[in-house]
1. Specify which of the listed residues (Val115, Val127, Val84) is out of contact with any Phe, Trp or Tyr (no Cβ under 8 Å at 6 or more places or on another chain), within 16 Å of the ligand (Cβ to nearest atom) and in contact (Cβ under 8 Å) with a residue 12 or more places away in the chain.
2. Please work out if Val183 is open to solvent by less than 20 Å² (accessible area, probe 1.4 Å), out of contact with any Cys (no Cβ under 9 Å at 6 or more places or on another chain), on the phi < 0 side of the Ramachandran plot and away from the ligand (no atom under 16 Å from the Cβ).
3. If I filter the stretch 51-70 down to residues being more than 17 Å from Leu121 (Cα to Cα) and in a loop (DSSP other than H, G, I, E, B), which single residue comes out as least open to solvent (accessible area, probe 1.4 Å)?
4. For Val33, indicate whether it is touching a Lys or Arg at 6+ places or on another chain (Cβ under 8 Å), modelled with pLDDT of 90 or more and not hydroxyl-bearing (Ser, Thr, Tyr).
5. Looking only at the stretch 297-317, which residues are surrounded by 12 or more Cβ atoms within 10 Å (Cβ to Cβ) and more than 12 Å from Pro274 (Cβ to Cβ)?
6. Listed residues Arg282, Arg307, Arg262; which is at pLDDT 80 or above and not assigned by TED's automatic domain parsing to the domain that holds Gln46?
7. Scan the stretch 71-106 for residues that are over 22 Å from Val179 (Cβ atoms), not acidic (Asp, Glu) and not in a helix (DSSP H, G or I) and jot them down.
Amino acid sequence: MADDPAKRNPSSGCVFGPVPSRRLGRSLGIDMVPLKTCTFNCIYCQLGRTPCQTLDRKEYVPGRQIIGELEEKLSSLSPPPDYVTFSGSGEPTLNSEIGWVIREISRLTKIPIAVLTNGSLLHLETVRNALQEADLVIPTLDAASPQLFKFINRPHHSLRFSQILSGLKDFRREFGGQVWLQVMLCSGINDDPKEISRLREILDSVGPDRIQLNTVIRPPAEEFVSPLSPGQMEKVRDLWGKGAEIIPDFPQLGESPASRVRDAEIIDLLKRRPRTAEEISRALGYKLESVSQCLGELYRRHTIHYRMFQNRCYYEKKPA
Ligand code: SF4
């Protein structure tokens, strides 16, 4: 029998980072659900296949625990992060407390709040209302037809493409903050010229503030998934014209002077998603050579393993 995700909930560690984000600068992450609890099972997911696919909204991680961790973290951070971001191990809107947590954060701090969501629950009024006090919401839409949506996102069997689309439109109409719609492009899957032009029509019907093009940069759940080249990405951006942009490369963050790399910090980062040594170095501010040494040690102790993707080496925490 599958275990109950709520019971696997860690007693701590829902707030992580700050980590460098390709679009949000230094982002302090909040993980609202246990690894990987999601309504989708995307072929490109960097967290692997979804073992806990559900539409069940509940308090997977207690809201008060999140706020407690966040208060502690914020008091120790200088300078403050650029964003507090709901992202991490799965779909954050599955946590029924997300609205309360967002409201508490906006009471605590002026740091802007971003929510990364797959948009699958935006057809629910209660979810749309819960996100109203965020500053920025980044939903995903990868397909222009129900068939391709099913193939790429492998949604929970009760979810319909038409629901997702109407949820996005309703949310756009009701939400006062910024909406950046993200499209994940996978080579040979949703980059066909017809699909691209149909997708643009659909994106326009939603009316986001920005359209952000992304491609697969970390090892995907399925081996047949591969990224578009930079040239192909530029072609799509040029075709889509105004309002479309490619998610920029990682910002260069200052490296702190050499200090002792702590295993626990690296493991905490790798618990959430695979990362290269360079990404870890940027995220934690340690020198690359110190990070590489520490990764070697963790690998020898069988705490982590690695996978090659597009000639880059991604480290992951081994399951406990
Ligand atoms: S990519 Fe996001 S939406 Fe898709 S399965 Fe992974 S966590 Fe869920």
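1. Val127 is the lone residue from the list that is out of contact with any Phe, Trp or Tyr (no Cβ under 8 Å at 6 or more places or on another chain), within 16 Å of the ligand (Cβ to nearest atom) and in contact (Cβ under 8 Å) with a residue 12 or more places away in the chain.
2. no
3. Val61
4. Against the criterion (touching a Lys or Arg at 6+ places or on another chain (Cβ under 8 Å), modelled with pLDDT of 90 or more and not hydroxyl-bearing (Ser, Thr, Tyr)), Val33 does not qualify.
5. Glu297, Leu298, Tyr299, Thr303
6. One residue alone meets the criteria, Arg307.
7. Ser76, Leu77, Ser78, Pro79, Pro80, Ser89, Ser96
A quick yes/no check of all residues on (1) open to solvent by 80 Å² or more (accessible area, probe 1.4 Å); (2) closer than 20 Å to Ser87 by Cα; (3) in contact with a His (Cβ under 6 Å, 6 or more places away or on another chain); (4) away from the ligand (no atom under 16 Å from the Cβ):
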| position | (1), (2), (3), (4) |
| --- | --- |
| Gly177 | no, yes, no, yes |
| Glu195 | no, no, no, yes |
| Ile211 | no, yes, no, yes |
| Pro219 | no, yes, no, no |
| Leu239 | yes, no, no, yes |
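The values are calculated or read from the model by the stated rules, or taken from the named source; none is laboratory data. Every value quoted in this text rests on a predicted model; they were computed, and no experiment measured them. Quick reminder, even Gly has a Cβ in these numbers, built from the backbone with ideal geometry, and neighbours come from all protein chains shown. Ligands, DNA and RNA are stripped out before the accessible areas are found, and what is left, the full protein with its side chains, is counted by its heavy atoms. Shrake-Rupley method; radii C 1.70, N 1.55, O 1.52, S 1.80 Å.
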